[in-house]
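What follows is a short report on a single structure.
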Amino acid sequence: MKTSKLKFEAKEYTSKDFKAKGLRAILATMADTPGVTEPTLDEQIAAYQREFQDLDPQVEKIVSALSRLNRRMNVAYGRQTSGLGISNAEWEVLKALVLSGIPYRMGPGDLAKRLGLTPAAMTHRIDRMVAEGLVTRERDESNRVRVIIELTPEGREKWLEAMRRASVFEEDLLQDLTPAERAVLGEVLTRLLRRVEHAQPDAGGRLSDLD
């Protein structure tokens with residue numbers, strides 16, 4: 001039996017590779033390898049169909065486009081926060097504190113649950129942010145056993161500047177959509193999100209800690 005091959009530029013992938021690593025993982029690796037061009041969505045779907053004939057190309061195009069969009073948006077946001085001297089991980093903490101409302105205070109345990117992190121990972125992240133002046137960590141005066149994490153003015157300004165930069169990027173991203181199209185897209189994506197949240201209620205955090 002002849003071994004099927006997919007060839008993208010200089011690197012070949014055989015059917016053995018697909019069985020060992022999984023097609024999605026291989027295509028993701030291609031995208032992150034210098035000198036290797038990521039296949040278009042149509043090329044990717046064609047590759048999937050060669051290996052998995054039951055694939056629904058319409059569904060695959062939607063989820064693959066969402067996956068690529070999410071990846072590229074995360075990279076863009078990461079570059080913006082890096083330019084501010086903070087990491088995406090630190091941005092998540094700042095965001096959680098801002099969303100908690102004035103006076104922007106939360107316990108480390110609540111923060112860990114909100115971000116889907118272990119207490120140890122949360123402690124490590126807070127240690128770094130305290131040292132950078134983004135948050136403070138103090139004992140609760142009414143309960144000395146309880147620790148309170150509070151946003152500092154510098155931390156809030158970092159959050160505001162990140163939001164300013166993100167709003168410019170996001171407006172540019174959606175510039176070709178009319179207000180009506182934006183409304184429809186927002187509603188459709190919200191419906192998809194609700195379905196995932198219902199099917200995977202415990203998937204709000206991470207599969208593993210990322211700092």
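The table below gives the values:
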{"item": "In region 51-139, GluC sites (Glu not before Pro) in a DSSP loop with at most 16 other beta-carbon atoms within 10 Å", "result": "132"}
{"item": "Extension reserve of the residue 95-residue 170 stretch, reckoned as 0.36 nm per residue once the Cα distance is removed", "result": "25.3 nm"}
{"item": "Distance between modelled label sites at residue 84 and residue 184, nm, 7 Å Cα→Cβ extension", "result": "3.4 nm"}
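Every number in this text was worked out from the coordinates using simple rules, so none of it is lab data. It should be emphasised that the depicted structure is a prediction, and the values quoted were computed from it without experimental measurement. Glycine gets a Cβ as well: all are built from the backbone with ideal geometry, and neighbour counts include every protein chain shown.
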